[in-house]
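Structure, as structure tokens:
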Protein chains: 2
Amino acid sequence: MDEATTQKKDIILNAAIKVFAEKGYYSSRTLDISNEAGVAYGSLYHYFRSKDDILISIFQERWNLLIGRVQQAREEGAGPEQQLGMVIDFIFRSYRQNPDLLKVLIMDVPRLDKFYNPENWKLYNLFFRGLMEIFHEGQEKGVFAADVSPIMATYIMHGAVDATIRQYVYNPEFNKEEFPVEEARDQIMKVLRRGFSKKGEDETS
Amino acid sequence: MDEATTQKKDIILNAAIKVFAEKGYYSSRTLDISNEAGVAYGSLYHYFRSKDDILISIFQERWNLLIGRVQQAREEGAGPEQQLGMVIDFIFRSYRQNPDLLKVLIMDVPRLDKFYNPENWKLYNLFFRGLMEIFHEGQEKGVFAADVSPIMATYIMHGAVDATIRQYVYNPEFNKEEFPVEEARDQIMKVLRRGFSKKGEDETS
DNA sequence: GTGTCGATTGACTGATCAGTCACTTCATGG
DNA sequence: CCATGAAGTGACTGATCAGTCAATCGACAC
């Protein structure tokens, strides 16, 4: 795939992110995407097999970025707590930079039947695998409590971040101005640090 | 609305939950729903205005149940921690009893454009309001840390539960047999109790 | 100047489905 | 036993759209 092709695909993908975020996947017309991208309707099908393929491509491309960041955090973060903080921070910065993308990844991708194939599951779970490694290392180093399974810790962390961003994206009653993303991020980190901490371990049955 | 009408509506709603859970809202045909319910196609439109109306009715009816349970927990739970536990326990028990319903509430309802009207937001946020009261009381009684806002605590709790149930519903790589719901529930409670606990408050900057 | 081939175009088509509606059946009460 | 209207029926329709395809463009080679 040459440079020009990659660029054109990217233009279409970014247009699709915008359109999907605005109207939701099923209400979006492929014609809307081609208009937004400034290409002919038929060109979409030159670069992608189908509408589904466009959505799945968005996921695959951007999810790989996320996995890369987890890897980077593993390598550069001083300790498990810092590594966790880096991942959470990256997700919130991604939201600030491109709320539309997060909306699509959180709301549209998981609703597509075709998304659930072995290839995508593998990719999806790679992110969780990276997080689990962080928790596992934290337990071995005696930083994180040993009585919480890394897999549950992973889901709890992911859920906390996911649900919060959902509020930013959808809840009109949630005051974004009075509650900036940075504040939300810090509070989540605070709760998770305490929740996973070794120090609290003996205090609950 | 007389008894017979209520019953018939309920039959249709339950059939719809099954169909939506199986194929997803957009891939479900209204004909599938009438077949599943054992009523004529046209009858659906006697009891409901539209396909959207069916999905929203599912949400409204069942969400009111959830809100009632939060209220009940507020009245019967000994302390904030117990009350929180009762709510979490109710959600996990709902999943065990009717996984299809949870799947629809988590995945299909939030993806419907028509869902996002003021009436539904109000109902949706009533649940969060109830949870916030629990956290607020916990802070006043000195059980929960004062430096985590009740609203964030609410989202974190909701997200943790939501993300975990999502794994049960969707992730084929997640081993449900080796990790029963009760275990997941207990670990979430453990992490949240520690995370929100007053005792950990001074240990993080 | 001419040939080749991938990129680009958008009008068209075939299939799909939510919702309608004219009709039938049933229950109730006078 | 009839009248009335609510409940129930399912064939049909009108609108919608994803995806196709035959035609055109344009860049590069020889």
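The numbers here are math on the coordinates, done by the rules we state, and not lab data. All values derive from a computational prediction rather than experimental measurement. Cβ placement follows ideal geometry from the backbone for every residue including glycine, while neighbour counts extend to all protein chains displayed.
Some observations on this one:
- Ellipsoid semi-axes in whole angstrom, largest first, where each is sqrt(5λ) of the Cα gyration tensor of the stretch B:1-95: 32, 15, 10
- With a Förster radius of 51 Å applied to the beta-carbon distance between residue B:1 and residue B:140, the computed FRET efficiency rounds to 0.75.
- The protein assembly as shown shape via C-alpha gyration tensor axes, a/c threshold 1.5: oblate
- Cα lying deepest toward the dipole's positive end in the stretch A:1-134, options A:33, A:123, A:91, charges on Cβ: A:33
- Lysine pairs within the stretch B:71-191, Cα separation less than 23 Å, 8 or more sequence positions apart or different chains: 6
- Under the membrane-span-like helix rule (DSSP H runs whose alpha carbons stretch at least 27 Å along the helix axis, mean Kyte-Doolittle hydropathy 0.0 or higher), chain A yields A:150-170.
- Sorting the Cα pairs of the stretch B:103-205 by distance into bins of 10 Å, from 0 upward, gives 13, 35, 31, 20, 1 percent per bin.
- Restricting the stretch B:158-192 to GluC sites (Glu not before Pro) that sit in a DSSP loop and have at most 14 other Cβ atoms within 10 Å of their own Cβ leaves B:173, B:177, B:178.
- C-alpha center-to-center spacing [the stretch B:1-75, the stretch A:171-199] in angstrom: 35 Å
- Sorted by Cβ density within 10 Å, fewest first, the residues B:192, A:13: A:13, B:192
- 19 Å reach of a label modelled at residue B:116, 7 Å along Cα-to-Cβ, counting backbone N of the stretch A:31-63: A:32-33
- A Förster radius of 60 Å, combined with the Cβ-Cβ distance separating residue A:29 from residue B:177, puts the computed FRET efficiency at roughly 0.85.
- Calculated P(r) tail over 26 Å for chain A, as whole % of Cα pairs: 42 percent
- In this structure, the amide hydrogen of residue B:197, modeled 1.01 Å from its nitrogen in the peptide plane, lies closer than 5 angstrom to those of B:145, counting only residues at least 5 positions away or on a different chain.
- Within chain A, longest stretch clear of exposed trypsin sites (Lys or Arg not before Pro) (DSSP loop, no more than 14 other Cβ within 10 Å): A:50-140
- Simple Cβ-charge dipole of chain A, Lys/Arg +1 and Asp/Glu -1, about Cα centre, in debye nearest 20: 360 debye
- Global size of the stretch A:47-156 as Cα Rg and Dmax, reported in angstrom: 15.4, 50
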